Amino acid sequence: MTSIQKSQRPPARPSYILRGHISQIHALRFIRHNSRLISGDADGWLVIWKLNTMRPSAVWRAHASAILGLETWGTDCIISHGRDGALRIWQLKPEDEDTFSTALPVEDVDHRKQPWLLHSLPVNALNFCAFSLCANSTRSSDSSGPPPALIAVPGTKDGEALIYALPSEDAKHRVPPARSGQTGMLMALRLLRTGGTLHLLTGHESGLTAVQRLDSKMRSWATVYAATPHSQPVLSIDVARGLGRWYTSAADSVIAAHPLPLTLGGEESEPRKVVRTGHAGQQGLAVRSDGRVVATAGWDGKARVYSAKTLGELAVLKWHKEGCYALAFADILEEEDEREDSGIGIADVGPREEGEGRNGELLAPRSEELGMAASRLETTSKRREDKMRRTHWLAAGSKDGKVSLWDIY
């Protein structure tokens, strides 16, 4: 079913603006329980922002060309995919952040320290399609490193994808085009495991969207879903597992919701819902971790938020005067237990034994006063960091090199 929407809601205002990139923002990712945000730009720079201060904590140039995608692997590894044909895995521990440069890309600094480069894979980057990471069912003998994973990247042939294993870097699968004929280049992909079976979700230059399933016994891939709801190249893919859906946006004005493999019997060819938004060029599509809302970054400079169930428009977020290319949601974190919450901000001062004030109050020695002041400052900082981690952030990155942070729903 296709519907047409027209919004009459006034635009909201961002809570914060992060400045410091020279070129357009191409990738965003919240990491470390929402305490950090990574931004990647068209010149290959990565900036890790500390959200309790809204200041950079580490800055380095990861690629010689534009950043296509960002992801985390394990607790300490960051994966970056660049248009320079490289996919790189960096190790950056939280305790090491203080040793890195915080000078932003706009600042002229001769030398910057880079994180330890664990892996570097040569990959195809001609079609602007970013990689996708998925947990591997194979267990690793090394329990100290990141968990085994599979990583999918576009192949050199139209419609083809390649899947590698990490940390071995071995090539595991060559996935053929989902449909014979002119599918065009692979523009977006998502690798995921459902029901113990590996699936590849793809979006193509022709507007084709498809799901392919691995037959582990035959080691072959079968297309179990194919539809063409878009008239222009697909730009973004994301998944809402709880709703049994995945979503696509494209260079046209359509947002489409498709069935996930678990809900499929035989091959299907009809999307669950198709909405013509009236706004061409929506990319950076993201689903929030609670599965309630979907958002897109628009070429018109606006981020739009939709209901994940109905695809009805909920909010229009306008601040940037140039097009938006990247977007990311912070994860919705579970509440801490009551014991932890009850301990926040409580200071056990104890009796003071030094002197007495003019009004009869006890006075602490100077060193104790400084210790208590430091403790209060630390408590305030922890409160602020906890608040920032639990805020329902939506980050949007624009051609203007700025990142806007919005607190929504």
> Listed residues Gly203, Gly195, Gly184, Gly207; which is touching a residue at least 24 places away in the same chain (Cβ under 8 Å) and more than 25 Å from Leu262 (Cα to Cα)?
Replying inline: Gly184
> In this structure, does Gly203 turn out to be surrounded by fewer than 18 Cβ atoms within 10 Å (Cβ to Cβ) and either not in a helix (DSSP H, G or I) or not charged (D, E, K, R) (or both)?
Replying inline: no
>> Just the residues that are within 19 Å of the chain's Cα centre (by Cα) and not in a strand (DSSP E or B), please, taken from the range 223-259.
In response: Arg241, Gly242
>> Looking at the range 25-75 only, could you name the residues that are of a type in the set (Val, Ile, Thr) and closer than 20 Å to Leu118 by Cα?
In response: Ile31, Ile38, Val47, Ile48, Val59, Ile67, Thr72, Thr75
> Tell me, which residue of the range 144-186 that is open to solvent by less than 30 Å² (accessible area, probe 1.4 Å) and touching an Asp or Glu at 6+ places or on another chain (Cβ under 8 Å) is nearest to Ile79 (Cα to Cα)?
Replying inline: Pro154
>> For the structure I just gave you, tell me whether Leu150 is part of a strand (DSSP E or B) and either of a type in the set (Lys, Arg) or under 16 Å from the mean Cα position of the chain (by Cα) (or both).
In response: no
> Assuming Thr72 fulfils every condition listed in (1) farther than 25 Å from Leu285 by Cβ; (2) surrounded by fewer than 19 Cβ atoms within 10 Å (Cβ to Cβ) apart from one, which condition is it?
Replying inline: (1)
> Any chance the range 186-193 includes a residue that's at pLDDT 95 or above, out of contact with any helix residue (DSSP H, G or I) (no Cβ under 7 Å at 6 or more places or on another chain) and not hydrophobic (A, V, I, L, M, F, W, C)?
Replying inline: yes
> Leu87 passes all but one of (1) closer than 19 Å to Arg32 by Cα; (2) open to solvent by less than 60 Å² (accessible area, probe 1.4 Å); (3) hydrophobic (A, V, I, L, M, F, W, C); (4) out of contact with any Lys or Arg (no Cβ under 8 Å at 6 or more places or on another chain); which number fails?
Replying inline: (1)
> Which condition breaks for Ala326 when tested against (1) part of a loop (DSSP other than H, G, I, E, B); (2) in contact with a His (Cβ under 7 Å, 6 or more places away or on another chain); (3) surrounded by 15 or more Cβ atoms within 10 Å (Cβ to Cβ)?
Replying inline: (1)
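The values are calculated or read from the model by the stated rules, or taken from the named source; none is laboratory data. None of the values given here were measured: they were computed from a predicted structure. Virtual Cβ from ideal backbone geometry, glycine too; neighbours counted across all protein chains shown. The protein model used for the area step is the full one, side chains on, heavy atoms only, and it has no ligands, DNA or RNA in it. Shrake-Rupley method; radii C 1.70, N 1.55, O 1.52, S 1.80 Å.
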